[in-house]
Amino acid sequence: MSTTMMVIVGVIVLVIIAIILIYNSLIRLRNRVDEAWSDIDVQLKRRYDLIPNLVNTVKGYAKHESETFQKVTEARSQAMQAQEGGSDAKSQAKAENMLSDTLKSLFAVAESYPDLKASQNFQELQKELSDTENKIQAARRFYNNNVLHFDTKIQTFPTNILANMFNFKKRDYFEIEEKEKENVEVKF
């Protein structure tokens with residue numbers, strides 16, 4: 001074999017190794033994004049499971065607030081459908097933001113009922129929901145961080161060439177609306 005032929009074979013082998021390494025790194029990042037999304041799903045499911053108990057507890061004290069209960073139930077259903085339907089992060093975030101808004105109105109109703117606020121069951125549910133909201137926030141940050149790394153990787157050279165060839169697509173962040181970023185005041 002001539003020296004030229006050995007150099008050509010060496011370059012081809014190096015290119016193949018580089019392609020394999022880049023492809024595998026894209027797969028790892030995509031899997032991290034998927035794993036992070038499943039963490040959000042777990043916390044959202046926990047949130048959905050807590051809401052009916054919370055609504056029923058408030059119903060026991062505030063029987064004439066049926067419109068609020070209906071809105072919370074509808075928002076919960078829409079958020080669950082978005083989750084089960086495999087919707088993208090933007091659609092899921094929109095549904096979750098609606099649910100958060102209706103939960104705020106439910107807690108506003110609770111403010112009008114001192115006996116409800118003193119109820120051990122209500123306080124425990126409120127504590128669990130608050131803990132779940134914190135876990136959702138942490139899962140959202142973890143997901144968005146992984147999306148950042150993945151999106152950056154598929155947009156930078158030379159990885160972007162392979163990402164386009166193998167149809168790796170940019171992922172959306174799981175973002176909250178601006179009004180959601182404001183502090184929620186809950187008084188006891």
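Readers should treat all values here as calculations from the given coordinates under stated rules, not as data from a laboratory. What you see is a predicted model; the values in this text were computed from it and never measured. Cβ: placed from backbone, ideal geometry, glycine included. Neighbour counts: every protein chain shown.
Label separation (E67 vs Y173): 3.6 nm, computed from points 7 Å beyond Cα along the C-beta direction. Positive end of the dipole of the chain (Cβ unit charges, origin at the Cα centre): among Y61, A18, V7, the Cα lying farthest that way belongs to V7. Look at the alpha carbon pairs under 8 Å that are at least 6 residues apart: their mean separation over the length of the chain gives a relative contact order of 32 percent.
Among D39, D151, D115, the largest mean-square fluctuation in a Gaussian network model of the chain, built with springs joining Cα atoms closer than 10 Å, belongs to D115. Applying the Karplus relation 6.51 cos²θ - 1.76 cosθ + 1.60 with θ = phi - 60° to the stretch 24-41 yields 3J(HN,Hα) values of 5, 5, 5, 5, 4, 5, 4, 5, 5, 4, 4, 5, 5, 5, 5, 4, 5, 4 Hz, where x marks Gly and Pro. Residues whose amide H lies under 5 Å from that of F174, counting only those 5 or more places away or on a different chain, are N144; hydrogens are built 1.01 Å from N in the peptide plane. Seen from I154, the other residues with C-beta closer than 11 Å to its C-beta sum to a net charge of +4, counting Lys and Arg as +1 and Asp and Glu as -1.
Taking a threshold of 21 Å on the Cα-Cα distance, which of the pairs K104/K135; K59/K90; K71/K104 fall above it? Spell out each step's value before the answer.
Values: K104/K135 18 Å; K59/K90 32 Å; K71/K104 11 Å.
Exceeds cut-off: K59/K90.
Couplings 3J(HN,Hα) for the stretch 115-121, derived from phi with the Karplus relation 6.51 cos²θ - 1.76 cosθ + 1.60 (θ = phi - 60°), are 5, 5, 4, 7, 5, 4, 4 Hz, where x marks Gly and Pro.
Express the relative contact order of the stretch 40-133 as a whole percentage, based on alpha carbon pairs under 8 Å and six or more residues apart in sequence.
Details: 63 pairs, mean separation 38.9, N = 94.
Normalised by residue count, the contact order of the stretch 40-133 is 41 percent.
Cα centroids of the stretch 1-70 and the stretch 136-156: 9 Å apart. Dividing the convex hull volume of the alpha carbon atoms of the chain by its residue count gives 118 Å³ per residue.
For the stretch 78-84, 3J(HN,Hα) computed residue by residue from phi via the Karplus equation (6.51, -1.76, 1.60; θ = phi - 60°) reads 5, 5, 5, 5, 5, 5, 5 Hz, glycine and proline entered as x.
Helical runs (DSSP H, four residues minimum) scored at -39500 (n - 2.57) apiece and divided by the length of the chain put the mean residue ellipticity at 222 nm at -28000 deg cm²/dmol. At q = 0.10, 0.13, 0.14, 0.16 Å⁻¹ the log10 of I(q)/I(0) for the stretch 95-177 amounts to -0.45, -0.61, -0.65, -0.75, computed by Debye summation with a single uniform scatterer per C-alpha, solvent ignored. Comparing mean-square fluctuations of L14, L148, L99 from a GNM of the chain with C-alpha springs under 10 Å, the top value falls on L14.
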